[in-house]
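Presented below is the structure to which this report refers.
The values are calculated or read from the model by the stated rules, or taken from the named source; none is laboratory data. All values derive from a computational prediction rather than experimental measurement. Backbone-built Cβ (ideal geometry, glycine too); neighbour counts: all protein chains shown. Ligands, DNA and RNA are excluded from the accessible area calculation, which covers all protein heavy atoms including side chains. Shrake-Rupley method; radii C 1.70, N 1.55, O 1.52, S 1.80 Å.
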Amino acid sequence: MGDSSDSLSVDMESNFLPGKEHIVKTSHGHVSVTVFGDLDKPALITYPDLALNYVSCFQGLFFCPEAFSVLIHNFCIYHLNPPGHELEAAVISPDEPILSVDDLTDQIAEILDYFGLGAVMCMGVTAGAYILTLFAIKYARRVIGLILVSPLCKAPSWTEWLCNKVMSNLLYICGMCGLVKELLLMRYFSKEVRGSTDVPESDVVQACRRLLGERQSPNVLRFLEAINGRPDISEGLRRLQCRSLIFVGENSPFHFEALHMTSKLDRRFSALVEVQSCGSMVTEEQPDAMLIPLEYFLMGYGFYRPSQYNVSPRSPLSPTSISPELFSPESMGLKLKPIKTRIPAEV
């Protein structure tokens, strides 16, 4: 645990209350971290996509009772927000330097030091997945596994770079205006849930639109500029020493990037799950589709579902008497490549 000269917290007690927000001071600024669960359990850290925080990026997954039960039973969850993306965040001073993606990953290492954490499981979405992957490359001994949703690993394509520049200009001039929200929603969700002239947009998109309206546009601009200046880390993927599980929606604008990333990872310890009729943010659009692959992945580490939930026919951790066809990924709209559950002893 870091001392008061290195970090500060909303609650300075040594045992943090579930769901308690902590503001951790790092050498690159303050970061909001919300802690859920038993501090004696292994740590799972999350990092959201651009303009999102843990509420708007992960609540769908954690509101899924089966997923929540297996995650909270096995982990203490540390939700990290990009600087200035937490609820009711103030505008970051313009005198503060713009952080690079390397700065953001170094922040994570300092946060782990503050909470006294060693190696952790990581879960990130798109930009957050890139940050956590870079963290795993730079701090290999501090990551035991990666759960990545529609991840990035290459430098921005010309199309993405141009779209990001348009958003940057709009954020600077107009703030979080309607056009910026539309561009972000296109980034997150498939056309089916975004609606049309004939079909209203889904509740999850409406909720996300409202939450985007609460973001401080200068803070979003800072994170956007960091992500738009990211380097290609494809070669570093070959050095990853942890197992990886990648989810990507087939309608995600970053679908090809996820396929490219999978091709660079060690296939003995990685798997790709393609979710049909889904955009980038699988955690919100189709969180149920993550359950079976996620549980198979965690089984490789010896994690399990608590016995009171073992009656679920959708859980691979349920009693063996359940019909095997209920485990069929195709029945849930998935394309699931085999996941290796055996890991090296030193991992």
For segment 137-194, the count of residues that are open to solvent by less than 70 Å² (accessible area, probe 1.4 Å), in a helix (DSSP H, G or I), in contact (Cβ under 8 Å) with a residue 60 or more places away in the chain and aliphatic (A, V, I, L, M) equals 4
So L44 clears everything in (1) modelled with pLDDT under 95; (2) open to solvent by less than 20 Å² (accessible area, probe 1.4 Å) except one condition, right? Which one?
(1)
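Please determine whether any residue of segment 98-105 is under 22 Å from M261 (Cα atoms) and open to solvent by 10 Å² or more (accessible area, probe 1.4 Å).
Yes.
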Going by what's in this entry, would E284 be described as in contact (Cβ under 8 Å) with a residue 60 or more places away in the chain, part of a helix (DSSP H, G or I), open to solvent by 10 Å² or more (accessible area, probe 1.4 Å) and in contact with a helix residue (DSSP H, G or I) (Cβ under 7 Å, 6 or more places away or on another chain)?
yes
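How about segment 102-122: which of its residues are small (G, A, S) and touching a Leu at 6+ places or on another chain (Cβ under 8 Å)? Before you say what the answer is, go through the steps one by one.
Taking segment 102-122 first, the residues small (G, A, S) are 109, 116, 118-119.
The one that is small (G, A, S) and touching a Leu at 6+ places or on another chain (Cβ under 8 Å): G118.
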Might you check whether a residue that is of a type in the set (G, A, S) and open to solvent by 50 Å² or more (accessible area, probe 1.4 Å) occurs anywhere in segment 207-224?
no
Condition set outside any helix (DSSP H, G or I) and more than 21 Å from R187 (Cβ to Cβ), scope segment 50-79, selection most open to solvent (accessible area, probe 1.4 Å): answer is F63
Quick one: in segment 241-263, which of the residues that are under 16 Å from the mean Cα position of the chain (by Cα) and among the hydroxyl-bearing types (S, T, Y) is farthest from T133 (Cα to Cα)?
S252
Neighbours by Cβ (under 9 Å, 6+ apart or cross-chain): first from segment 100-111, touching a residue at least 24 places away in the same chain (Cβ under 8 Å); second surrounded by fewer than 22 Cβ atoms within 10 Å (Cβ to Cβ) and acidic (D, E)
E110/D6
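Table: residues versus (1) β-branched (V, I, T); (2) assigned to a loop (DSSP other than H, G, I, E, B); (3) modelled with pLDDT under 90.
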| position | (1), (2), (3) |
| --- | --- |
| V10 | yes, yes, yes |
| V24 | yes, no, no |
| H30 | no, no, no |
| T34 | yes, no, no |
| D40 | no, yes, no |
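Might you let me know whether segment 235-248 holds any residue that is in contact (Cβ under 8 Å) with a residue 12 or more places away in the chain, within 19 Å of I144 (Cβ to Cβ), assigned to a loop (DSSP other than H, G, I, E, B) and open to solvent by less than 50 Å² (accessible area, probe 1.4 Å)?
So far as segment 235-248 goes, yes, one or more of its residues are in contact (Cβ under 8 Å) with a residue 12 or more places away in the chain, within 19 Å of I144 (Cβ to Cβ), assigned to a loop (DSSP other than H, G, I, E, B) and open to solvent by less than 50 Å² (accessible area, probe 1.4 Å).
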